[in-house]
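The next block holds one structure in the form of structure tokens; read it before the comments.
The values are calculated or read from the model by the stated rules, or taken from the named source; none is laboratory data. These numbers come from a predicted model, not from an experiment. Cβ sites come from the backbone with ideal geometry, for glycine too, and all protein chains shown count toward neighbours. Remember, those area values only see protein heavy atoms, side chains included, never the ligands or the DNA or RNA. Shrake-Rupley method; radii C 1.70, N 1.55, O 1.52, S 1.80 Å.
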Amino acid sequence: MSAFYLYDDARARQFEPFAMTRPLGELRIGARLMRERWELALGVRCAGFVSRDTLADFEEAGAPDAARGVIPAGAWLVNARFAPALTRAASADRYRGGDAVAAVRLTRDVPVEELADGSATLESLARATGGATPLDGWWLAEVWDLLADFEARLRDDVERLTAGRERTVAANCQVLGGAGVFAAPDAVIEPYVTFDCTNGPVMIEAGATVQSFTRIQGPTWIGPHAVVGGDKITVCAIGDACKVHGEMNSVVFVAYANKAHDGFLGHSYLGRWVNLGANTVTSNLKNTYGPVALWTPSGIRDTGLQFLGTLFGDHAKTGIGLTLTTGTVIGAGAQLYGSQMPPKVVSPFAWGDTAPYATFRLDKFLLVAERVMARRHVSLSDRGRRFLSRVFDARWSAER
């Protein structure tokens with residue numbers, strides 16, 4: 001069977017602080033990575049991705065490599081900004097989401113160079129005749145769409161993933177509401193956990209642990225080998241091997257991130273290898289209750305969202321007691337500490353306690369990354385070092 005390739009178009013390449021360090025296909029959209037959503041929809045594996053040249057050496061377990069040479073005729077080319085629902089799509093040669101083409105089966109070899117700057121459209125590569133089959137899902141037009149309508153989309157994901165499964169009955173735990181708890185056989189649910197399933201189900205994947213005296217409100221998805229340790233967890237998607245604690249509402253963890261201490265985190269998105277120090281706190285609502293503005297590479301933009309916290313790029317770290325204002329963007333590799341609130345945008349690899357920040361030395365950053373990854377039994381390979389070094393050299397200059 002043919003494979004597919006995920007294409008980050010020019011708009012997707014503006015999704016900072018994430019686009020610098022990972023293709024959009026490796027971001028978590030609801031309960032699954034975008035790549036995983038498309039693998040389910042098409043029923044074939046992802047063979048590669050096309051994105052900005054800084055991602056040429058991107059390497060992650062389970063993720064495909066950057067495409068090189070040509071994408072062969074017969075393969076699928078998929079716009080990575082379209083998130084299909086978690087269901088198998090009907091057989092077709094072209095799919096559309098709304099009025100726009102979301103995926104096409106190529107009728108000719110397409111050189112990767114033809115897609116290099118992200119300006120090519122799938123419409124230009126589709127067959128000249130014939131209609132497109134509609135596909136259930138939604139478009140990500142802007143980076144904040146990672147969190148827009150999050151509760152409804154996560155509910156749909158978890159309901160589809162648990163359809164037909166037997167509900168879990170955990171000893172000495174309380175379940176409120178009728179949507180139910182669904183845990184893998186080897187997941188650990190300690191006594192005295194409260195599950196509020198009034199507004200949606202809770203799904204707990206293999207090897208995950210929910211510790212005593214935690215209150216979890218659905219819809220929530222807890223990924224493989226994650227540890228959820230106390231306090232109130234409301235409508236969250238917690239990725240693989242994350243360790244979380246404290247009050248959280250509408251938060252997405254891609255994977256391998258830590259929020260192991262107290263401190264409120266709301267309507268926020270964390271890349272891989274993020275670590276939040278004790279009592280790091282985000283604001284997710286303005287005192288005026290008005291829409292939140294957010295920095296983007298094209299300037300400060302009105303998101304139209306009433307609730308929006310912080311976007312944490314990969315490998316970002318915060319010290320104890322750091323407070324973050326509504327609609328903050330923290331670049332990849334930034335290391336922030338101290339009592340002064342950072343500005344609404346922090347450049348990648350920033351270092352310090354007061355803006356303007358110094359730049360984290362590359363050798364020190366790589367040493368920290370190696371130590372952090374080793375704690376999760378993940379090695380930083382030579383290729384990974386080359387990749388992070390290339391990202392460091394290409395770091396963007398954020399507006400303040």
- line: Expected max-MSF residue from Asp186, Asp57, Asp196 in the GNM of the chain (alpha carbon, under 10 Å) is Asp186
task: Enumerate the residues in the stretch 266-281 having an amide nitrogen under 19 Å from the point lying 7 Å beyond the Cα of Gln211 toward its Cβ.
output: 274-281
- prompt: Could you give the nm distance between label points at Arg383 and Ala90, where each point is 7 Å from its Cα heading toward the beta carbon?
  reply: 3.9 nm
The chain, helix-only ellipticity at 222 nm - DSSP H runs n ≥ 4, -39,500 (n - 2.57), divided by all residues, nearest 500: -4000 deg cm²/dmol
message: Can you tell me which aspartates and glutamates have their Cα less than 13 Å from the Cα of Lys232? Leave out same-chain residues fewer than eight positions away.
response: Asp196, Glu247, Asp262
- prompt: How high is the relative contact order of the chain, given as a whole-number percent (alpha carbon pairs under 8 Å, six or more residues apart)?
  reply: 11 percent
- request: Under 1.5 on a/c is rounded, so check that first for the stretch 175-334, then, if it is not, pick prolate when a/b is larger than b/c and oblate when it is not; a ≥ b ≥ c are the square roots of the alpha carbon gyration tensor eigenvalues.
  value: prolate
query: Comparing Asp314, Asp53, Asp262, which has the greatest mean-square fluctuation in the GNM of the chain with Cα pairs linked when under 10 Å apart?
result: Asp53
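Quick check: from the Cα gyration tensor, does the stretch 15-118 come out rounded (a/c under 1.5), prolate or oblate? Can you show the working numbers first?
Details: a/c = 1.59, a/b = 1.11, b/c = 1.43.
Note, shape of the stretch 15-118 comes out oblate.
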query: Given a Förster radius of 25 Å and the C-beta distance between Ala10 and Ala56 as r, what FRET efficiency does 1/(1 + (r/R0)^6) yield to the nearest 0.05?
result: 0.90
task: Compute log10 of I(q)/I(0) for the stretch 115-241 with the Debye formula, placing one identical point scatterer on every Cα and leaving out solvent, at q = 0.09, 0.16, 0.21 Å⁻¹, to two decimals.
output: -0.35, -0.78, -1.17
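Report for the chain the percent antiparallel among DSSP-assigned beta bridges with both residues inside it, nearest 5.
Numbers: 21 of 84 bridges.
So the antiparallel bridges in the chain amount to around 25 percent.
Express the carbon and sulfur contribution to the solvent-accessible surface of the stretch 153-272 as a percent, rounded to the nearest whole number, probe 1.4 angstrom.
On the way: 2040 of 4320 Å².
Answer for the stretch 153-272: carbon and sulfur cover 47 percent of the accessible area.
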Probe 1.4 Å, protein heavy atoms only - accessible area per residue of the stretch 154-290 in square angstrom: 37 Å²
- prompt: Just Ala350, Ala170, Ala80 to compare: in a GNM of the chain, with alpha carbon springs under 10 Å, which one fluctuates most?
  reply: Ala170
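Just to confirm a number: summing +1 for Lys and Arg and -1 for Asp and Glu over residues other than Pro111 whose beta-carbon lies under 14 angstrom from that of Pro111, what do you get?
Numbers: positive: Arg68, Arg108; negative: Asp109, Glu113, Glu114, Asp117.
Summing Lys/Arg as +1 and Asp/Glu as -1 gives -2.
What FRET efficiency would be calculated for the residue pair Asn199, Arg301, taking the C-beta separation as r and a Förster radius of 30 Å, to the nearest 0.05? Mind showing how you got there, number by number?
Values: r = 30 Å, r/R0 = 1.00.
That pair, Asn199 with Arg301, gives E of 0.50.
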- line: Mean separation of Cα contacts under 8 Å (at least 6 apart) over the residue count of the stretch 38-79, i.e. the relative contact order in percent, is 32 percent
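Does the stretch 327-368 classify as rounded, prolate or oblate by the C-alpha gyration tensor (a ≥ b ≥ c root eigenvalues; a/c under 1.5 gives rounded; else a/b over b/c gives prolate, otherwise oblate)?
On the way: a/c = 2.31, a/b = 1.62, b/c = 1.42.
Judged from the Cα gyration tensor, the stretch 327-368 comes out prolate (a/c at least 1.5, a/b above b/c).
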